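One structure is given below, encoded as C-alpha cells.
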Amino acid sequence: VTEERSDLEDLHLYATPREQRFRTFASLEFEGQLYMTPYDFIQAVTSDEPKRAKKRRSLSKQELNQILMETPPVWKGSSKLFRNLNDKGVISYTEYLFLLCILTKPHAGFRIAFNMFDTDGNEMVDKKEFLVLQEIFRKKNEKRERKGDEEKRAMLHLQLYGYHPSTSSVLKTEGDDLVPRSYWDTLRRSTSQALFSDLAERADDFASSLSDTTLLVHFFGKKGKAELNFEDFYRFMDNLQTEVLEIEFLSYSNGMSTISEEDFAHVLLRYTNVENTSSYLENLRTIPEEKGITFDEFRSFFQFLNNLEDFAIAMQMYNFASRSIGQDEFKRAVYVATGLKLSPHLVNTVFKIFDVDRDDQLSYKEFLGIMKDRLNRGFRGYKPIQRYTTFKSCVRKELYSR
C-alpha cells in the first residue's frame with residue numbers, strides 16, 4: 001500500500017499546475033478517476049490548502065448513484081448550490097477547468113459561452129454538445145503535459161479523465177503555434193471547429209466511457225435527456241460567481257455587512273505576485289474615516305475585473321492622449337468599458353491602494369498587471385490569507401454594530 005501511495009504521489013511531478021491543484025483538493029475516487037466534491041471546488045478557489053486532511057474516499061457505484069439521485073435540477077439552482085451540496089457531489093477535472101473559466105468571464109460573455117456549446121444553433125444545449133467540452137479541454141491539456149515517464153503520464157491521465165489517451169477521440173489541430181493562451185480561448189476556437197470535424201459525431205464514443213457527474217445531472221437530468229436553455233445557463237454562471245465572492249467576503253466580514261478597506265486590499269493582493277504588501281496597505285491609512293466595503297461594492301469590483309481587457313483598452317485611450325488617470329477618469333473608463341458604476345468610496349479605496357506615488361493619480365500599468373494576476377486566481381502563485389486587522393478597524397466595526 002505504501003509503495004502504491006508513493007507511486008501516486010510521484011505523479012504530482014508530471015502534472016501541470018492546474019492538474020496539481022485539482023489533485024491536491026480532490027477527495028473522491030471512482031474506478032480510478034479522481035473527483036472533487038462541491039466543497040473541494042470551493043476550497044480550491046478560496047483557500048491555499050485543503051482544510052481537511054487529505055484522505056481520498058473511494059466511491060462504490062451505489063454511493064455514486066445515490067449522490068447523483070440527490071442532485072437538484074438546474075431550475076432549483078441558487079447562489080448557495082455548492083455550499084448546500086457540500087460533499088454530496090462529484091466534479092471531474094474537465095468540469096473543474098470549465099468552472100474556473102466561468103469565474104473570470106463577464107456577464108456579456110455568458111451568451112458567447114452558451115452559443116459555443118450550442119453547436120447546432122437550436123438555442124438549446126444537450127448533453128452530447130456539452131460533452132464535447134471533455135475532449136476540447138483534454139486535448140488542450142495534452143499540449144501542456146510535462147514530458148517524462150510515459151507510464152506515469154498514462155496513470156495521471158487515467159486519474160484525471162477516467163481513460164487512457166489511446167482510447168479517446170482526437171481533436172484536429174494544426175500545430176502548437178496555434179494553441180491559444182487560455183482554456184476559454186481554446187473553448188471558443190475548438191467548439192466552432194467541432195462544427196466541421198467528426199468530434200461532435202464521436203461524442204457518443206467517449207461519453208460511453210465516462211461516468212455521470214453532478215453537473216451533468218444538474219444540467220441534463222437524471223436520464224440525460226433534458227436540454228439546457230440560455231436563461232438557466234446564465235443563472236448558473238451568475239450564481240457560481242456570486243457564491244464564490246460571498247464566501248470570500250464572509251471569510252473577512254465576521255457576520256457584519258462590511259469588510260474593512262484593509263481587508264479588501266488583502267483580498268485584492270492575495271493571488272498576485274506582490275511580495276511586500278506593506279506599501280500598498282500604508283496608503284490606506286491616509287483615508288480619514290473608515291467606512292468599510294459592502295458586499296455590493298465588493299461584487300461590483302470583481303465584476304469589473306472580469307471586464308479587465310475592455311477596461312485596459314479604455315486606459316490606453318487616456319495614455320495615447322497623455323492624460324493622467326484621476327478618480328473621475330477611472331470611473332468613466334470603468335463605466336464605458338463595463339457599464340458598471342463603482343461607488344465613489346470604492347474608487348477612492350482602490351486609488352489609495354494603487355497610488356504608489358501618492359499624487360492622487362492611478363499607477364494604472366501596475367494596477368493592470370497586479371489585477372491580471374488576481375483575475376487568474378490560483379495559477380500565478382498563492383498568497384496566504386492574512387487574518388490580522390488593525391485595532392482601529394476592529395474598534396470601528398464594533399461601534400458600527402451597536
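The values are calculated or read from the model by the stated rules, or taken from the named source; none is laboratory data. Computed from a predicted model, the values in this text were never measured in an experiment. For neighbour counting, all protein chains shown are included, and Cβ atoms are generated from backbone atoms with ideal geometry for every residue, glycine included. These accessible areas exclude ligands, DNA and RNA; they are computed on the full protein's heavy atoms, side chains included. Shrake-Rupley method; radii C 1.70, N 1.55, O 1.52, S 1.80 Å.
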*Taking H as built 1.01 Å from N, whose amide H comes closer than 5 Å to the amide H of LEU28, not counting residues under 5 places away?*
TYR35, THR37, ARG57
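Within 10 Å of each candidate Cβ there may be at most 14 other Cβ atoms; applying that plus a DSSP loop requirement, which GluC sites (Glu not before Pro) in the stretch 240-348 survive?
Hits after loop and neighbour filter: GLU275, GLU289.
Counting only protein chains, not ligands or nucleic acids, how are HIS218, HIS12 ordered by accessible area (probe 1.4 Å), most first? Don't skip to the end; give the middle numbers.
Working: HIS218 5, HIS12 50 Å².
Sorted descending by solvent-accessible area, the residues read HIS12, HIS218.
Where does each of LYS105, LYS341, LYS372, LYS365 land when they are ordered by accessible area, with a 1.4 Å probe and the largest first?
I get LYS341, LYS365, LYS372, LYS105, largest accessible area first.
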_Above-threshold pairs, the threshold being 32 Å between Cα atoms, out of LYS127/LYS365; LYS55/LYS365; LYS61/LYS105; LYS105/LYS127; LYS51/LYS152_ = LYS127/LYS365; LYS55/LYS365; LYS61/LYS105
*asked:* What are the extents of the Cα atoms of the stretch 71-113 along their three principal axes, in Å, largest first?
replied: 30, 24, 15
*Return the sequence-ordered ³J(HN,Hα) values of the stretch 35-44 in whole Hz as given by the Karplus equation 6.51 cos²θ - 1.76 cosθ + 1.60 applied to θ = phi - 60°, using x for Gly and Pro.*
9, 8, 8, x, 4, 4, 4, 4, 5, 5
*20 °C / 1.002 mPa s Stokes-Einstein diffusion coefficient of the stretch 256-375, Kirkwood radius on C-alpha pairs, µm²/s*: 148 µm²/s
